[in-house]
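This report concerns only the one structure given below.
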Amino acid sequence: MSLNHGAILKPGSSRNNKTGNWRNIRPVYKHDKCTGCTMCERICPEGVIFQEDKKKFNVDLDYCKGCGICAEECPVKDIDMVPEEK
Amino acid sequence: MRKYIEGSMAVAEAVVLCNPNVISAYPITPQTHIVEDLSQMYANAEFKGQFVNVESEFSAASVCLGAVVTGARAYTATTSQGLLLMSEVLFNMAGMRLPLVLTCANRAISAPINIWTDHSDAMALRDSGFIQLYAENNQEAADLHYQAYKISEDDSVRLPVMVNMDGFLLTHSFEPVDMPTQQEVNEFLPPYKPQHYLDVKRPITFGSMVGEDGYMEVRYNLEEAMKNSFAVIEKVTKEFEAKFGRKFGIFIDTYKMEDAETVIVAMGSVVGTIKESIDLMRANGIKVGLMKVRTFRPFPKKAIVDCLKNIKNVIVIDRASSVGAGGILATEIRSAFYGNTTTPKVNSYIVGLGGRDITIKTITDIVGNFANVKVQDSQFVELDHKYMQAGDDYLKTI
């Protein structure tokens, strides 16, 4: 991260500054029962869930904060929240 | 030009001479005539910037923050509870390295409800990243404003400055004050040239989120900026003295220190009372002097140790207390001597809270009793034990 005094930043800094590093749990798609309802993509508060195919979604872990709303709201429970381990 | 003028009015006129672009303040209690006078000058078109009345001190500070990030020179004034309501924004302004001058009329904090003179409000903000300067009289209070903008806006500093003057004792009292002309102030204080400001053509972000990977570094820079301000405060004070011929000390000031065995340390208007007391005590052969702290943040450790290292007795007068730790100025002065080969006997006295008068007798009694007391924790001076007993008795009747 490049920072000057007072943390004044140019636009687009989120591309360089990954904000997902304080996540405790991460969503893992089972890609099993997905109906393609797009609920997870719509309710992700960070907007980091993307549709890859008609019934296939994935998450950008550089920015996912691990809130678990996607897993909670998925109507067919096709997302698991898995602990981050180092 | 020398005028017989109320402290608040002198500050209001000084602020207008500094040509701020935006003044924002909350106009209701707790407030002083500073803001009342500024709004009057705005209505009379003597102040040509923007005056923004808001519904709380939190908003006043926020308007100033917003103004400064657009590149404006801003000003606000508050006191007591108002300063506490501003506090979240003020920490942000320091962290974002935004120049601002804020006048704090030093007054007590509730509970119990009381808005009379003491230093509890500003002391609560001592860790905010604001530079804190304390005025002894109304001339110094007015003069500090011209200097405060110059210090605040210096590229190596870029920190907000809180000019402190005792509520009522200074803000509401009339004294002769020498007011400079607009031209003189313009020659001393150049227009504000911000390095960074919000501009749709060159978008930037102020107040970014910074995680554990960078927060410490940004806060370290803040600490460094505060250290840089020592040199800038010294330079600006000397420039001011050269131009206007007035000086009230740089980091500290002294009075009758030459052969002093006992030195009283204080900040704010009580310094005047202490000088009177010293004259009286010296007439009776007591070798006593004064060290006034003008710059409390950054804390001038070196200047203080140099001044007091050969002194036998040091009496620190605090007009605020860190509940659970005692006199704040005293604690910091004791800490400044840690590791020094010579250390005076430093005792801490808490006086004049909530507007209680500090009289010459208060001071002479402390000095008179000093030889009889050991080094001890902070003492509340002139407590009315009958009052406390009566309070206990009264509670039993409820």
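Taken together, the values in this text are just the output of simple stated rules run on the coordinates, not laboratory data. Here the structure is a predicted model, which means the values were calculated and not measured. Note that each Cβ is placed from the backbone with ideal geometry, even for glycine, and that neighbours are counted across all protein chains shown.
Take each complete run of DSSP H in chain B, measure how far its Cα atoms stretch along the helix's own axis, and keep only those covering 27 Å or more with mean Kyte-Doolittle hydropathy at least -1.0; list them.
B:215-244
How large are Rg and Dmax for the range B:252-385 when calculated on the C-alpha trace, in angstrom?
13.7, 40
Only Cα pairs within less than 10 Å get springs; with that Gaussian network setup on chain B, which residue of B:THR262, B:THR273, B:THR341 has the largest fluctuation?
Maximum fluctuation in the GNM of chain B, among the listed residues, is at B:THR341.
Could you order peptides A:66-79, B:26-39, B:9-22 by the average number of other Cβ atoms within 10 Å of their residues, highest first?
Sorting A:66-79, B:26-39, B:9-22 by mean packing, highest first, produces B:9-22, B:26-39, A:66-79.
Quick one: order B:TYR220, B:TYR255 by neighbouring beta-carbon count within 10 Å, fewest to most. The partial results should precede the final answer.
Working: B:TYR220 10, B:TYR255 18.
With the sparsest Cβ surroundings first, the list reads B:TYR220, B:TYR255.
Report relative contact order for the range B:252-385 in percent, whole number only (criteria: Cα-Cα under 8 Å, sequence separation at least 6).
25
Students often get this wrong: which residues of the range B:89-127 have the backbone nitrogen under 12 Å from the point 7 angstrom along Cα-to-C-beta of B:PHE380?
Residues passing the 12 Å test: B:112.
Work the Kirkwood hydrodynamic radius out for the protein assembly as shown: mean of 1/r over every pair of different alpha-carbon atoms, inverted, in Å.
Mean inverse Cα-Cα distance, inverted, gives 25.3 Å.
Select from B:GLY285, B:ILE113, B:VAL323 the residue farthest towards the positive end of the dipole of chain B; place +1 on Cβ of Lys and Arg, -1 on Cβ of Asp and Glu, and compute about the Cα centre.
Among B:GLY285, B:ILE113, B:VAL323, the one farthest towards the positive end of the dipole of chain B is B:GLY285.
To the nearest 500 deg cm²/dmol, what mean residue ellipticity at 222 nm is calculated for the protein assembly as shown from DSSP H runs of n ≥ 4 alone, each contributing -39,500 (n - 2.57), summed and divided by the residues?
Theoretical 222 nm ellipticity from helices: -11000 deg cm²/dmol.
Which whole number gives the average, over all residues in B:190-201, of C-beta atoms from other chains lying within 10 Å of the residue C-beta?
That works out to 1 on average.
Which distance in Å, rounded to a whole number, links the C-alpha centroids of the range B:131-200 and the range B:319-376?
Here the two parts' Cα centres lie 29 Å apart.
Over chain B, what relative contact order in percent results from Cα pairs under 8 Å that are six or more residues apart? Can you show the working numbers first?
Numbers: 774 pairs, mean separation 61.6, N = 398.
Worked out over chain B, it gives 15 percent.
In Å, what Rg and Dmax follow from the Cα atoms of chain B?
When restricted to the Cα atoms of chain B, Rg and Dmax are 21.3, 71 Å.
List B:GLU6, B:GLU241 from most exposed to least, where exposure is judged by having the fewest other Cβ atoms within 10 Å.
B:GLU241, B:GLU6
Cut-off 10 angstrom, C-alpha nodes, Gaussian network model of chain B. Which of B:ILE115, B:ILE358, B:ILE328 fluctuates the most?
Fluctuation is largest for B:ILE358.
How many percent of DSSP beta bridges within the protein assembly as shown run antiparallel, rounded to 5?
Of the beta bridges lying entirely in the protein assembly as shown, close to 40 percent run antiparallel.
How large is Rg over Rh for the range A:23-83, taking Rg from the Cα atoms and Rh as the Kirkwood inverse mean of 1/r across Cα pairs? Present the calculation step by step, with values, prior to reporting the outcome.
Values: Rg = 10.2 Å, Rh = 11.2 Å.
Checking Rg against Rh, the ratio lands at 0.91.
Would you mind telling me which residue in B:PHE244, B:PHE51, B:PHE168 has the biggest mean-square fluctuation in a Gaussian network model of chain B, where springs connect alpha carbons within a distance under 10 angstrom?
B:PHE244
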